[in-house]
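So the structure is just underneath, and the comments pick up after that.
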Amino acid sequence: MNAKQHDRRRFLKKSAALAGLAAGAIPAVRGQTANAGGDLSYGERSRFVTSLRVGDGGDNASFGRSGNVYTPIQDSIGIITPSSLHFSSSHGSYPPDINPQEYRLMIHGMVDRPMSFTLEELKRLPFVSRILYIECNANRPGPENKTVADSHGKTACSEWTGVPLSLLLKEAGVQAGASWILAEGAETGKHTKSLPLAKARHDCLVAYGQNGEPVRPHQGYPMRLVVPGFPGYSHVKWLRRIKVVDQPYLTPSERFHFPQGPKSVITFPSGEQRLPGRGFYMITGLAWSGGGAIRTVEVSTDGGQTWNQAQLHDPVLSIAHTRFSLAWNWDGEEALLQSRCTDEMGQFQPTVAEFGEPKGVTPEGVLRREAGGGHWPFIQPWRVNRDGSVHNAIG
Ligand SMILES: Nc1nc2c(c(=O)[nH]1)N[C@H]1C(S)=C(S)[C@@H](COP(=O)(O)O)O[C@H]1N2
Ligand SMILES: [Mo]
């Protein structure tokens, strides 16, 4: 037997052993035989992929009870968040169970022609798709967080498809003197937001599609308002009513903070992850801004003494998550990793010191959190210890 034949025999023997192992190890899934991949009628991920949304406090003890679950962005790849891992923030209520046949969207108030649309009617209208992030203002770097899901898991990025709100407002005929809209959700608590009419006409979407399929119930099925770049609470889910008005209304869910500033965070390596040893790694993370497209991301591996230009990965879209990376050779010594970004408006992401003390009140008695318009954009540092463990370095 020549060397080539010998190698081939060895290879075949080895792969037969591997195949045997695999067949034995993979259990049947939903009546299927020993195939990976589960039910063919609605795709499932590999059983080796276990990333899950987490509840408040970063564990699953109180899972979903507060109405909040966070995206596991430490495991994120690219810029799109799978719908099943999109964070969810609902103020104390479960998604209402809306029958699409009975769904109506009402547009009324200061309009010439009050309207009521069925879902089918809305779907007949011209539509657009946009890749946009939604971030809850409660996303907050702070000493209490262990993982990047704790500190930044209330952001997600989807392709949203729907009807431009401007079109519906045109159909209804907005009257002179109107300057705001009120958008109301259909759940028991009736989450309601005042929004400037100019924003409603500019780029808001009444969305029925999320990542190529109907919006998920936790995201507002069958319809949600998408308000690009505005804080999460503006994006009213289970949208059932838009009233055109001439002033903002102080509803119980009201807060008046508008576009979010630029923000970035390293998702790998991040809190609670572990590097197996010194050597080559791709530091990677996400950056986004309510002010438009991300222009630059810089990464520091020495606690902010020196900064390196990170690579921005296509697509770099306005008001969307933007993926960045930096090649890094870890020498095995303690390292302090952080990222900072700027957006196309020239706004920059501040350090904690530049932003102001994140907790407490000013001497004038004003809550500090108002300094950032309720948005907490400051830089998140991660410490890599010599044993490869990674920890939140705030605090
Ligand atoms: N009707 C309704 N819309 C809502 C909410 C709500 O409680 N009810 N929560 C808001 C808040 S605070 C946020 S951050 C976003 C979160 O969107 P998501 O749950 O799809 O991630 O939805 C907003 N829209
Ligand atoms: Mo939120």
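Computed from point charges on the beta carbon alone (+1 for Lys and Arg, -1 for Asp and Glu), the dipole magnitude for the range 54-245 about its Cα centre is near 540 Debye. Of LYS123/LYS190; LYS170/LYS237; LYS154/LYS237; LYS190/LYS237; LYS123/LYS243; LYS123/LYS237, which pairs sit farther than 19 Å apart, going by alpha carbon to alpha carbon? With Cα atoms farther than 19 Å apart: LYS123/LYS190; LYS170/LYS237; LYS123/LYS243. Specify the inter-centroid distance of the range 114-188 and the range 284-352, based on alpha-carbon positions, in whole Å. So the two Cα centres are separated by 27 Å.
Surface composition of the range 169-239: carbon and sulfur atoms hold 55% of the protein heavy-atom accessible area at a 1.4 Å probe. As a length-normalised measure over Cα pairs under 8 Å and 6 or more apart, the relative contact order of the range 54-245 settles at 25 percent.
Whole number in Å², please: accessible area per residue of the range 54-245, 1.4 Å probe, ligands, DNA and RNA not counted. The answer is 39 Å² per residue.
Placing pseudo-labels 7 Å out from each Cα toward the beta carbon at LEU167 and SER51 gives an inter-label distance of 3.3 nm. Scalar couplings 3J(HN,Hα) for the range 236-241, obtained by applying the Karplus form with A = 6.51, B = -1.76, C = 1.60 to θ = phi - 60°, are 5, 8, 6, 4, 10, 7 Hz; x denotes Gly and Pro.
Computed over neighbours whose Cβ is under 15 Å from that of LEU122, the net charge equals +3, Lys and Arg +1, Asp and Glu -1.
On full extension, the segment bounded by ASP112 and THR306 gains 63.9 nm, given 0.36 nm per residue less the C-alpha separation. Straightening the chain between GLU120 and PHE258 buys 46.5 nm, computed as 0.36 nm per residue apart minus the Cα-Cα spacing. 3J(HN,Hα) couplings calculated from phi for the range 114-127 with the Karplus curve 6.51 cos²θ - 1.76 cosθ + 1.60 (θ = phi - 60°) are, in sequence order, x, 10, 9, 10, 7, 4, 4, 5, 5, 6, 7, 7, x, 10 Hz; Gly and Pro show x.
The values are calculated or read from the model by the stated rules, or taken from the named source; none is laboratory data. Being a predicted model, the structure only gives us computed values, none of them experimental. Note that we place each Cβ from the backbone using ideal geometry, even for glycine, and neighbour counts take in every protein chain shown. We work out accessible area using only protein heavy atoms, side chains counted, and drop any ligands, DNA or RNA first. Shrake-Rupley method; radii C 1.70, N 1.55, O 1.52, S 1.80 Å.
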